[in-house]
Structures are given as C-alpha cells and as structure tokens.
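Read through the structure below, which is laid out as structure tokens, and then see the notes.
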Amino acid sequence: MTAAERRVAVLPRIAPRSRPRLTIDLAAVARNTRLLADRAAGELMAVVKADGFGHGALDVARTALAHGATRLGVTSLEEAWPLRDAGLAAPILSWLNPVDADWAAAAAWDVDVAVPGLQHLAAVAEAPGRHRVHLHVDAGMARDGADPAIWTQLCRTARRAEQRGEVEVVGVMGHLGCADDPGDDCNARGRTRFAWAIEIARAAGLRPRERHLAATAATLTDPRAHHTMCRVGAGLVGIDPSHTADLCPPMTLTAPVTQVRRVRGGTPVGYGHAHRTATATYLGLVPLGYADGLPRTASGRAEVLVRGVRRPVVGRISMDQLVVDLGRAVDLGETVTVFGPGGHGEPTVAEWARWSGTIEHEIVTGIGARVERRTLAVPHLRSLA
Ligand SMILES: *Cc1c(COP(=O)(O)O)cnc(C)c1O
C-alpha cells in the first residue's frame with residue numbers, strides 16, 4: 001500500500017448530516033403520466049430532455065414507460081445514449097442536433113432523429129447505417145424545424161434518399177408556439193400548417209406513420225393537435241402550461257437552518273442592505289442561493305415554510321445563502337421547506353416562478369449540482385391475497 005492509499009484508507013466515513021436536499025417523488029410522475037396517457041388520442045412520448053426537466057432522465061423515463069408512455073424524446077443525441085446504456089429499449093427520438101452529429105451512432109443505437117433541413121438530411125443520409133427520420137416542420141414559431149418554403153423540396157429529397165435505402169421517413173413533427181393559450185389563433189394556423197406539411201409529404205411519396213404536434217398544453221386542451229402521438233415533458237413533472245389540469249409536482253426542496261440570530265428593528269440585512277427589519281426579530285440563515293437555482297430576482301418576494309408557517313425571505317438572495325425573517329427563535333438544524341407540492345402550506349415551484357418573473361420549467365431545471373438528491377420510488381401495490 002502506498003502512503004497515498006493509506007491516507008485514503010484511514011479517512012473516516014462521512015455520515016449523512018442535515019443538508020440541502022431535493023426530494024423527487026416518482027409516484028407523482030407516475031400519476032401525471034397516467035393522466036396524460038389517458039388524454040392523448042394516440043401514443044404518449046415522454047420527453048426527458050434536460051435530465052428529465054431536472055428530475056433525473058432515467059428515473060422519469062422508467063417511471064413514464066411503466067405508466068402509459070410508449071416512447072422517449074430528447075433534444076440532443078448525447079441525451080439518448082445514457083437511456084440506451086441503461087438498457088431502455090423503447091423507441092427514442094432526438095430532435096435537436098448540429099449538422100455534424102454522430103448520425104451513424106444514432107442508427108447503431110436505434111435512435112430516431114429529426115431532420116429540420118436539407119443539410120441535415122444530406123448529412124444523415126451519407127452517414128453509415130439505416131436511419132429512421134422524422135421530418136421536422138416549423139409550425140409557425142420561427143425556431144426549430146424546416147421553413148415551409150423548403151418543405152416540398154425537403155420531402156422530395158427525403159423520398160429519393162428513402163428510395164436509395166439511406167433513410168426511412170417514419171414521421172413528421174411540428175411544435176406549437178402558443179399552445180399554453182388555447183384561445184390564441186396561432187394554434188389554428190399551426191394545426192393547418194402541420195396538416196399541409198403531412199399532405200406535402202404524402203404527395204412526395206412518403207408514408208410517415210408517426211405524426212406529432214402536441215406537447216403538454218395541447219395534449220391537455222386540444223385533441224385536434226394530437227394526431228398519432230403527443231410529446232409531453234412538463235406535464236410529467238407536474239407543470240401544466242395551460243393551467244387546466246390537476247397535475248402533481250414531484251419536487252420538494254428543503255434545507256436546515258444553519259444560523260439563528262436575534263436582531264433589533266431597523267437592522268439592515270444582506271448585500272446592499274436591501275432590507276431592514278421592521279421590528280426586533282430572529283433571522284435564520286439557509287444555505288441555498290442562486291447557485292443552487294433560487295433566482296436572485298425572487299429577492300423581496302419569496303417565502304419559505306418554517307414550522308408550518310410561511311416566513312419571508314429578506315434581503316437579497318446570495319450565491320450560496322438566503323436569510324429568512326423567522327419572527328421567533330427556532331433550533332439550529334431545523335428544516336425549512338423552500339418549495340414542495342403545496343399540500344402542507346409550503347410554497348410551490350409555481351410561486352417561486354412568479355416571484356422570479358419566470359416559468360416553472362426554469363426553476364425545476366435550474367436546481368444546482370451541490371443540492372443532494374433523493375428519489376422516492378413508486379410504491380408497488382401489495383397483493384392483498
Ligand atoms: C420540450 C419539447 C416538448 C415537450 O414540451 P412540454 O411543453 O414540456 O410538454 C415537445 N416537443 C418539443 C419539440 C420540445 O422541444
């Protein structure tokens with residue numbers, strides 16, 4: 001044994017202590033998946049991009065596949081590899097890749113790819129392997145997908161590549177820009193453009209079996225957008241951009257109080273003295289800040305739950321810490337709930353989003369790496385026999 005190995009060998013085990021923790025309840029993902037699968041006219045694709053919206057891509061993927069989803073969706077191919085590595089055999093679609101992505105690996109690993117333009121099509125067709133592609137049309141948001149001006153040419157070129165055996169066009173996809181507001185007529189225009197895109201594809205000789213336009217909001221509000229499959233991400237993790245369904249948020253963020261101090265009225269708190277205590281009170285220090293995903297822009301508005309009571313976050317949220325006006329003394333190490341499903345009076349992710357001037361998606365995908373994660377499995381139903 002070398003001296004270095006001996007030094008490592010004698011290090012004491014680090015016991016788990018109270019620390020900031022993100023608990024993810026997969027039972028909520030299971031319930032949300034069942035509700036969405038029930039609403040979808042056709043198949044349900046579980047979109048697990050951005051590490052399953054911050055909830056753990058593999059955990060969300062496995063849970064969703066066990067509760068009604070039949071496929072998986074990711075943005076980059078790099079997000080697909082760990083799903084295959086873990087042994088998930090469900091169809092996977094990856095829709096946002098640079099033109100020089102590893103298309104050969106996609107074919108080898110049986111990952112479908114979206115093609116948003118002619119250069120992508122050429123690159124995919126040239127790469128070794130037989131490629132399953134979904135032609136991606138821009139349904140009206142000028143973001144990802146092919147410009148309708150080139151759609152006919154894209155379909156015809158894809159058909160020729162198909163006849164040469166280079167690709168198989170299995171799908172056509174689009175994405176709606178305003179689905180969170182079902183009344184916006186941008187949705188009708190998007191649906192019309194998508195229907196047109198399918199017709200053009202068929203006229204070019206393509207036979208796309210998978211035709212998919214709806215994400216969470218349209219899955220919940222607009223059956224006319226469902227076609228053969230709905231692609232849902234936000235809804236799996238309890239976020240409903242349409243505010244029409246009752247979904248369950250899986251995340252709870254807690255942290256221990258690491259310092260408590262008694263202060264007089266008029267005490268300035270934190271950077272810039274942005275807050276002064278109105279009266280004598282107790283201030284609690286919580287070791288979570290914007291590096292952990294609590295936006296600094298929530299300063300002056302945010303609240304947390306302490307001993308069953310909402311208390312205000314005071315002063316500016318710092319990189320690593322925030323201060324709570326406790327109103328009374330609490331013990332060191334006492335747990336503060338920053339957000340959770342809301343059933344016990346704690347703030348929700350939706351409230352943090354409002355306090356920060358953003359959407360829930362940005363909060364849940366932004367929780368930092370140093371927050372300990374604990375994932376609760378879906379309890380199995382015990383047979384009563
Ligand atoms: C993220 C994404 C989805 C999922 O959208 P949600 O609103 O989160 O359900 C579907 N399709 C595409 C193209 C996406 O980028």
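The values are calculated or read from the model by the stated rules, or taken from the named source; none is laboratory data. Everything quoted here is computed from the prediction, not taken from an experiment. Positions of Cβ are backbone-derived with ideal geometry, glycine not excepted, and every protein chain shown enters the neighbour counts. Heads up: the accessible areas ignore ligands, DNA and RNA and are worked out on the full protein's heavy atoms, side chains in. Shrake-Rupley method; radii C 1.70, N 1.55, O 1.52, S 1.80 Å.
Would you work out the relative contact order for segment 222-369, in percent, from Cα pairs under 8 angstrom that are 6 or more residues apart?
On the way: 316 pairs, mean separation 35.4, N = 148.
Averaging sequence separation for qualifying contacts and normalising by length gives 24 percent for segment 222-369.
Within 13 Å, Cβ to Cβ, of LEU294, how many net charges do the neighbouring residues add up to if Lys/Arg are +1 and Asp/Glu are -1? Don't skip to the end; give the middle numbers.
Numbers: positive: ARG296, ARG301, ARG316, ARG370; negative: ASP292, GLU303, ASP320, GLU351, GLU362.
So the environment of LEU294 carries a net charge of -1.
What number in nm² do you get for segment 316-355 if you take the convex hull of its Cα atoms and divide its surface by four?
On the way: hull surface 15.4 nm².
Value for segment 316-355: 3.9 nm².
Sequence gap at least 6, Cα distance under 8 Å: using those rules, report the relative contact order of the chain to the nearest whole percent.
On the way: 865 pairs, mean separation 67.2, N = 385.
Normalised by residue count, the contact order of the chain is 17 percent.
Once you measure Cβ to Cβ distances between cysteines in the chain, which Cys have no partner under 4.7 Å?
Lacking a cysteine Cβ partner under 4.7 Å: CYS155, CYS230, CYS248.
Subtract the Cα-Cα distance of ARG301 and ALA3 from 0.36 nm times their separation in residues, and report this length gain in nm to one decimal.
Working: separation 298, 0.36 × 298 = 107.28 nm, distance 5.33 nm.
Gain on extension, ARG301 to ALA3, equals 102.0 nm.
Kirkwood Rh over alpha-carbon pairs of segment 251-376, then Stokes-Einstein at 10 °C and 1.306 mPa s: what D in µm² s⁻¹, rounded to an integer?
Numbers: Rh = 14.5 Å.
It diffuses with D of about 110 µm²/s by this estimate.
Modelled label-to-label distance, ARG262 and ARG354, 7 Å Cα→beta-carbon offset: nm?
Going by the 7 Å Cα→Cβ label model, 3.6 nm.
Calculate the spin-label point distance for ALA274 paired with THR192, positioning each point 7 Å from the Cα along the beta-carbon direction, and give it in nanometres.
Between THR192 and ALA274, the label points sit 4.6 nm apart.
Can you list the HN-Hα couplings for segment 194-199, worked out from phi with the Karplus curve (6.51, -1.76, 1.60; θ = phi - 60°), rounded to whole Hz and with x for Gly and Pro?
Taking θ as phi minus 60°, the curve returns 5, 4, 4, 4, 5, 4 Hz for segment 194-199.
Residue farthest toward the positive end of the dipole of segment 139-209, with Cβ of Lys/Arg at +1 and Asp/Glu at -1: which of GLY205, VAL169, ALA195?
Looking along the dipole axis, the top candidate is GLY205.
Can you find, among LEU135, PRO256, LEU88, the residue sitting farthest towards the positive end of the charge dipole of the chain, where Lys and Arg contribute +1 and Asp and Glu -1 at Cβ?
Towards the positive end, the residue furthest out is PRO256.
Give the long-range amide H neighbours of GLY238: residues separated by 5 or more places, or on another chain, with amide H under 5 Å away, using H modelled in the peptide plane at 1.01 Å from N.
CYS248
Taking H as built 1.01 Å from N, whose amide H comes closer than 5 Å to the amide H of GLU168, not counting residues under 5 places away?
HIS131, ARG132, VAL133
Which whole-number percent gives the relative contact order of segment 26-237, counting Cα pairs below 8 Å spaced six or more residues apart? Before the final figure, lay out each step's value.
Values: 443 pairs, mean separation 47.5, N = 212.
Reported relative contact order: 22 percent.
Pop out the ³J(HN,Hα) list for segment 43-60 in order, Karplus 6.51 cos²θ - 1.76 cosθ + 1.60 with θ = phi - 60°, rounded to Hz; leave Gly and Pro as x.
Per residue, the Karplus-derived 3J(HN,Hα) values read 6, 10, 9, 8, 8, 10, 4, 6, 6, x, 6, x, 9, x, 4, 5, 4, 5 Hz.
Along the charge dipole of segment 151-310, pointing to its positive end and built from +1/-1 on Cβ of Lys, Arg, Asp and Glu, which listed residue (ALA234, ALA218, VAL286) has its Cα farthest out?
Of the candidates, VAL286 comes out farthest on the positive side.
Given a 1.4 Å probe and the protein chains all in place, what does the accessible area of TRP81 round to, in Å² to the nearest 10?
Its accessible surface works out to 60 Å², give or take rounding.
Once amide H atoms are placed 1.01 Å from N in the peptide plane, what residues at a sequence separation of 5 or more from LEU322, or on another chain, have their amide H within under 5 Å of its amide H?
Amide H neighbours of LEU322, under 5 Å, 5+ apart: VAL286, LEU288.
To the nearest 20 Debye, how big is the dipole of segment 210-296 about its Cα centre, given +1 on the beta carbon of each Lys and Arg and -1 on that of each Asp and Glu? Can you show the working numbers first?
Values: 8 positive and 5 negative charges, 114 e Å.
Here the size comes out at about 540 debye.
Rounded to a whole number, what % of the accessible area of segment 251-376 do carbon and sulfur atoms account for, probe 1.4 Å? Mind showing how you got there, number by number?
Numbers: 2940 of 6010 Å².
C and S atoms contribute 49 percent here.
To the nearest 20 Debye, how big is the dipole of the chain about its Cα centre, given +1 on the beta carbon of each Lys and Arg and -1 on that of each Asp and Glu?
Values: 45 positive and 40 negative charges, 212 e Å.
It comes to approximately 1020 debye.
Quick one: 3J(HN,Hα) in Hz for segment 346-357, Karplus 6.51/-1.76/1.60 with θ = phi - 60°, rounded, Gly and Pro as x.
Computed from phi, the couplings for segment 346-357 are 6, x, 10, 4, 4, 5, 4, 5, 5, 4, 9, x Hz.
Determine the dipole magnitude for segment 233-385: charges of +1 sit on the beta-carbon of Lys and Arg, -1 on that of Asp and Glu, nothing else is charged, the reference point is the Cα centre, and the result goes in debye to the nearest 20. Before the final figure, lay out the partial values.
Working: 16 positive and 13 negative charges, 118 e Å.
My answer is approximately 560 debye.
Could you sort 249-256, 162-169 so that the peptide with the highest average Cβ count within 10 Å comes first and the rest follow in order? Can you show the working numbers first?
Numbers: 249-256: 24.1, 162-169: 17.1.
In descending order of packing, they fall as 249-256, 162-169.
Excluding ligands, DNA and RNA, what is the solvent-accessible area per residue of the chain at a probe of 1.4 Å, expressed in Å²? Intermediate values should be presented prior to the final figure.
Numbers: 18380 Å² over 385 residues.
Using a 1.4 Å probe on heavy atoms only, each residue of the chain averages 48 Å².
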